[in-house]
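In what follows, a structure is listed as structure tokens, so that the remarks can point back to it.
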Amino acid sequence: MTRTALGHATPVALALAVAGLLPVLPGPAAAGPVVAVRARTAITLDPIRRSQGGLNVRGRVHERGSDQPVPYGAGAGVAIALDDHVERTSVDEDGRFMAWFATSGGRHRLSIQFAGGGEFEGSTFTLPELDVAKQPLNLSLRVPDQHRRGRGPLSIEVQASGESEPAQVVVAISLGGAEQENPPALGRWWTNRLGRAPFLVPVQRLGPPGPKVVRATFAGDDSYDPASVENSFLVVSATRLRFEARDIDVRFEGRVRGRGVLTDDLGAGLVGQSVSLVADLPGGRRVLDESLTGSDGAFELDAPASEIGAGKHMVQAVFESPRPFLESSRSQPAQISVAERRPVPVGYSLAAFAATAASIVAFVGLRTRPWTRWLRRLRGESARPGGAEERDAAPHTGLSQARPGLVSTLRRPHDRGFTGTVSDAITGEPIAGAEVRLGADGLETGADGRFAFEDAAEGELRAQVSSSGYVTESFDVTIPHRGELRDARVDLLPVRERIFQLYREAAEPLLPRPDLWGVWTPRQIFDHVRTSRPARALAELTDYVEEKYFSARVPAESELPRAVERVAAARVEQAPPGLGP
């Protein structure tokens, strides 16, 4: 059946993805958004037939690129309007529709709209001026389904006829990609007395290979109504693949390398195409490497020579086209000679062993840091325990990580456990019933002060350890680890010891010498401060600290802010006039 008049689809989705004419792009990542591809549609109108008392409007809805009909029930139907009168109908299994309008003649405006739905976009067609007194014009296009550019110009023929005889009219021709709404114009042709207008499209005007659409449009004249027709076809291109190996003689431990270029039949580089390096081996052909062509069609291929083995082999580049409009191609084979495997020199093994031994020595040295002891001896510093510095030093609190074995530290982080003991920072005794929290999980230590988390969540986790009468400790740990959080130790400072540490700021200036703080007992310090007749704030602070330090009642952690305030008041009282604490 001859078709006339073509509508225009809205530019929302890919036109030919469903038809399989366009290349399939890689899908989105697993976490990426899902994009629904909807096929673009067009409306093709049959010649409008006049009947007694009215007009018969017939046509079909189809996919723009593939010309496949839109199936029944795929959309919300078709609305056909002649001036202000609207008829609503649905397409049948072949995508066809029809409507009848009563009219006695004159000029009318015809509009057809396909609403779309599901997998199909909507489309519209408008005939601004339909003259009932004029004849309908039948337009058709003779275009091959596909054309190889290597064969030269494309032959196209337009045919025009009225209701009973050929028509001599001027037809405008446009040609472009199937996704284009308004293809570029090619020119205007007169149909001859037989209603035909044959012409040739130069290869340069066909554009790149792929799906194309050609459209013939008649603007209307005194005898015929306007009409247009559209056909789709495929422009196919041969490809040429050139490949040159970098070296023809390759060591067994070396690599087979080469570069080349993939072009179409006009010599233009093809972008983003997959090219493989293939070798003919005794067990059959094997793909050694794959690469994508660049913006100019160039590519590089690289594979270990050991994969093809010693001897002479034929390798070549291969392009297997995934698209119907590009033909596959192969390069000329190249002969590669791979040398026999050579034994590894003994010097290489000795060098590797020496490097491994040096790395182990450096690792152990960084862990033990023996040079710190040597430097103290050179400076004449005492390293004996129990010296004045150690007696005066504040006790260690918080997390002490374990030292994992050497093998574990050389492995990637793999351990998801956190185990250890909660101890008193002063006595070293384990603390039973201490609360240990790791992220959202929590537990209490046993009678031996131990705790254990297994299969902890991965990442940076906040840990917190607390117990009645002790200062809470918080720190961050990283899961997984290399073993440093196995058999770790968390030392908690008693609240009474923390209060006594705060008291030092106010009491130490009253001692005969500052270094006596680590020598005198707390009782001696309290007695000496009182004999110095301290001011009121320091005297009250001394009584407060003595009571918290020696009382049988264990002070709570909530006492610390009050102790800080009392120490600040004593320091203000001790400061010379005009100076702060």
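On a full-extension model of 0.36 nm per residue, what is the gain between E573 and L200, subtracting their alpha-carbon distance, rounded to one decimal in nm? Write down the numbers at each step before the final one.
Values: separation 373, 0.36 × 373 = 134.28 nm, distance 10.74 nm.
Going from the current span to full extension adds 123.5 nm.
With Cβ to Cβ distances under 11 Å as the rule, what net charge do the other residues near G195 carry (K, R +1; D, E -1)?
Numbers: positive: R193, R196; negative: E157, E165.
Local charge sum for G195: 0.
Going by C-beta contacts inside 10 Å, put Y503, Y544, Y224 in order with the fewest on the left.
Lowest count first: Y544, Y224, Y503.
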Residue-by-residue Karplus 3J(HN,Hα) for the range 57-62, coefficients 6.51, -1.76, 1.60, Hz, glycine and proline x: 9, 10, x, 8, 10, 8
Formal net charge of residues neighbouring R286 (Cβ-Cβ distance under 10 Å; K, R +1; D, E -1): -1
For S321, residues with placed amide H under 5 Å, excluding near neighbours: S328, S329
Residue-wise HN-Hα coupling along the range 297-309, computed from phi with Karplus coefficients 6.51, -1.76, 1.60 (Hz; x: Gly, Pro): x, 7, 8, 10, 10, 8, 8, x, 5, 5, 5, 9, x
15 Å Cα-Cα reach of K134 towards aspartates and glutamates, excluding residues that sit fewer than 8 places from it in its own chain: E163, E165, D221, D222, D225
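Around G210, under 12 Å between beta carbons, what's the net of Lys plus Arg minus Asp minus Glu among the other residues?
On the way: positive: R149, K212, R323; negative: E179, D264.
It works out to a net charge of +1.
Values in this text are rule-based calculations from the coordinates and carry no lab data. Note that the structure is predicted; figures quoted are calculated from it, not measured. Neighbour counts are summed over all protein chains in view; Cβ atoms, including those assigned to glycine, are modelled from backbone coordinates with ideal geometry.
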